[in-house]
1. Using only alpha-carbon positions, what ratio does the radius of gyration of region 1-40 give when scaled by 2.2 N^0.38 Å?
2. With a 10 Å cut-off between alpha carbons and a GNM built on the chain, which of Ile190, Ile125, Ile172 moves the most?
3. For the chain, what relative contact order do you get, as a whole percent, if you take Cα pairs closer than 8 Å and at least 6 residues apart?
4. Could you give the C-alpha radius of gyration of region 154-200 expressed as a fraction of 2.2 N^0.38 Å, taking N as the number of residues it contains?
5. Which value results when the Cα radius of gyration for region 15-107 is divided by 2.2 N^0.38 Å?
6. Diagonalise the Cα gyration tensor of region 146-267 and give the resulting equivalent ellipsoid semi-axes, square root of 5 times each eigenvalue, largest first, whole Å.
7. If you take every residue apart from Ala114 with its C-beta less than 11 Å away from the C-beta of Ala114, what net charge results, scoring Lys and Arg +1 and Asp and Glu -1?
8. If you line up the long axis of helix 162-172 against the longest principal axis of the chain, both from Cα atoms, how many degrees apart are they, to the nearest 10?
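Coordinate-derived values only; no laboratory data. Every value quoted in this text rests on a predicted model; they were computed, and no experiment measured them. Cβ: placed from backbone, ideal geometry, glycine included. Neighbour counts: every protein chain shown.
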Amino acid sequence: NRNDISRTIRCADLDGESSKEFIFDVYSIDAAGNSDFCTVTLVVQDNGNSCATTNTIQKVALKGNVYTESDEMVQNVNIELKSNQIEFPKSIITDQDGRFIFGELPTYKDYTLAPEKNDDVMNGISTLDLVMIQRHILGLSELDSPYKLIAADVNNSTKITAADLVELRKLILGIQTEFSKNKSWRFVDIAHQFADTKNPFPYAEYTQMANLDHDVAGLDFIAVKIGDVNGSVQSNARSNGDVSNRSIKTLTVPSVTAMAGEIVTLSVDAED
């Protein structure tokens, strides 16, 4: 797990000894997923004999962040922590800086982290998104990241088609108030490596840790606002995104009779 970047050695790990050796495999992974490792030995010494009077039961913590592709932190994301223990699952909401932390977790248990946010469906959605998705479908201007492609899959079919345009248009026109087959937000584990960035489906929306025996930081997720391919979403209280209130307006167009090929001018007016 490329998110697993640290180790914490506690008194309980020394097994009552004043000095103990720990052996770790340290990996280096490049952007293409190529990796290699070396084995290192870490010698930990309790020179002050501090652990001799410590009876603390070992606990671990999990923490991470949720942010958009453009590094905007996302607040009010529900992070669910699942485990095969009586008091689970547990949930926590990300703060204004997109942070979350689960502390005081029993060691040597299996854990799964899964984010969810399904509100404010119109946040970041405009007719510009329609145009950009349409140009992508027509091959005129492709969406240039896997996260934008996930955002464009409005009907959750794992394909970008005209059906996504229809679904998005219904929202913009106020015909429906939520996605019929998708959630408002989707999330991608930051450690997930897309096999094909031009076809990012399926993707990892959760992260798992087995037999956890140490703190883990950097359990980050990339948040994708469905329908927003131009990145205009307002993700937290400090965002500068402009989210407008939308309502249905009636437009009137006069009836015009013309011959095929004739150029005519139509006046489109708001009824009120």
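1. Details: Rg = 13.8 Å, N = 40, 2.2 N^0.38 = 8.9 Å.
Cα-based Rg divided by the globular estimate yields 1.55.
2. Highest fluctuation of the listed residues: Ile172.
3. 22
4. Values: Rg = 13.0 Å, N = 47, 2.2 N^0.38 = 9.5 Å.
Taking the Cα Rg and dividing by 2.2 N^0.38 Å, one obtains 1.37.
5. Details: Rg = 19.0 Å, N = 93, 2.2 N^0.38 = 12.3 Å.
For region 15-107, the normalised Cα radius of gyration is 1.54.
6. Values: eigenvalues 339, 65, 30 Å².
Three semi-axes, in Å: 41, 18, 12.
7. Working: positive: Lys82; negative: Glu80, Glu116, Asp189, Glu205.
Cβ neighbours under 11 Å give a net charge of -3.
8. Helix 162-172 sits roughly 80 degrees off the main axis of the chain.
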